Amino acid sequence: MKVVLASKNPHKLVEISKITEKFGMELVLESELGVDIDVEETGTTFEENSFLKANAVMQATGLPALADDSGIAVDALNGEPGIYSARYGFDESLDDWGRLQLLLKNTEHVPDGQRQAKFVCVITMVTPEGQTIQARGEIHGELLREPRGENGFGYDPIFYYPPMGMSTAEMSSEEKNKVSHRGAALRVFYEKLKEAGYADK
């Protein structure tokens, strides 16, 4: 099944494709189909924003569309940046590294032992037939005080996962897919795909 990924992020395409290809889904970026739309993420939850993106790209392409809305939520910041992780600081001059540094700066005062955080991912697929399939995944860990690791993207270098004793940026892609929020969401998503008849059981 050919599905459009409602994203301009090639890192997400690679990470998600490594899992979806196992259940026969061919993912393509919206840009490969000549589509370039900026969806206003007006939702207040990962679920709402994931649906908004998938639905808009489905309507623009006429193909099933898959959207991932994800972010990091820090307990000591009352769940921030949360749904605003990709826009943290609301400063367009900031790239991924700049937002990572801003989060470190804003948590300088948080003592060790109180730096709990989680990554959240919600995957939504919307089909031209009007079906919506949605799944959520989380990974719980702690915020480091400085970046570690060269893999991954976004906030991976400062997210420490205690069971493996490393940051998600120190994991191989295979290790990360087994424990990550995105991997967890995609596994639930696959079960729901099978229930809906879109994947072999």
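The values are calculated or read from the model by the stated rules, or taken from the named source; none is laboratory data. Every value quoted in this text rests on a predicted model; they were computed, and no experiment measured them. Cβ placement follows ideal geometry from the backbone for every residue including glycine, while neighbour counts extend to all protein chains displayed.
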Review point. Are any of the residues in segment 105-114 over 20 Å from the mean Cα position of the chain (by Cα), assigned to a helix (DSSP H, G or I) and not acidic (Asp, Glu)?
Key: yes
Review point. Looking at residue 175, is it surrounded by fewer than 19 Cβ atoms within 10 Å (Cβ to Cβ) and of a type outside the set (Gly, Ala, Ser)?
Key: yes
Check your understanding: Out of all the residues in segment 75-86, is one or more buried (at least 23 other Cβ atoms within 10 Å of the Cβ) and at pLDDT 95 or above?
Key -> yes
Review point. Do we find that residue 107 is farther than 19 Å from residue 139 by Cβ and hydroxyl-bearing (Ser, Thr, Tyr) in this structure?
Key: no
Practice item. Please tell me if residue 105 is over 27 Å from residue 198 (Cβ atoms), at pLDDT 95 or above and touching a His at 6+ places or on another chain (Cβ under 8 Å). Key: no
Point to revise | Enumeration of residues in segment 10-27 that are surrounded by 15 or more Cβ atoms within 10 Å (Cβ to Cβ) and touching a residue at least 40 places away in the same chain (Cβ under 8 Å) | key: 12, 15, 16, 18, 19, 20, 23, 25
Revision key, fill the gap. All conditions in (1) under 24 Å from residue 54 (Cβ atoms); (2) touching a helix residue (DSSP H, G or I) at 6+ places or on another chain (Cβ under 6 Å) are true of residue 116 except (1)
Check your understanding: Scanning segment 153-175 for residues that are in a helix (DSSP H, G or I) and touching a residue at least 40 places away in the same chain (Cβ under 8 Å), which turns out farthest from residue 16 (Cα to Cα)?
Key -> 158
Review point. When the residues of segment 95-139 are filtered to those that are within 14 Å of residue 154 (Cβ to Cβ), touching a Lys or Arg at 6+ places or on another chain (Cβ under 9 Å) and of a type in the set (A, V, I, L, M), which remaining residue is surrounded by the fewest Cβ atoms within 10 Å (Cβ to Cβ)?
Key: 104
Check your understanding: Which residues, taken from segment 1-28, are farther than 13 Å from residue 69 by Cα and part of a strand (DSSP E or B)?
Key -> 2, 3, 4, 26, 27, 28
Check your understanding: Can you find even one residue in segment 43-64 that is within 30 Å of residue 116 (Cα to Cα), among the charged types (D, E, K, R) and not in a helix (DSSP H, G or I)?
Key -> no
**Study point:** In segment 72-102, residue farthest from residue 44 (Cα to Cα) [restricted to those that are touching a Ser or Thr at 6+ places or on another chain (Cβ under 9 Å) and hydrophobic (A, V, I, L, M, F, W, C)]
**Key:** 76
Study note, to complete from the structure: How many residues of segment 127-152 are over 28 Å from residue 6 (Cβ atoms), in contact with a Leu (Cβ under 9 Å, 6 or more places away or on another chain) and not in a loop (DSSP other than H, G, I, E, B)? The answer is 1
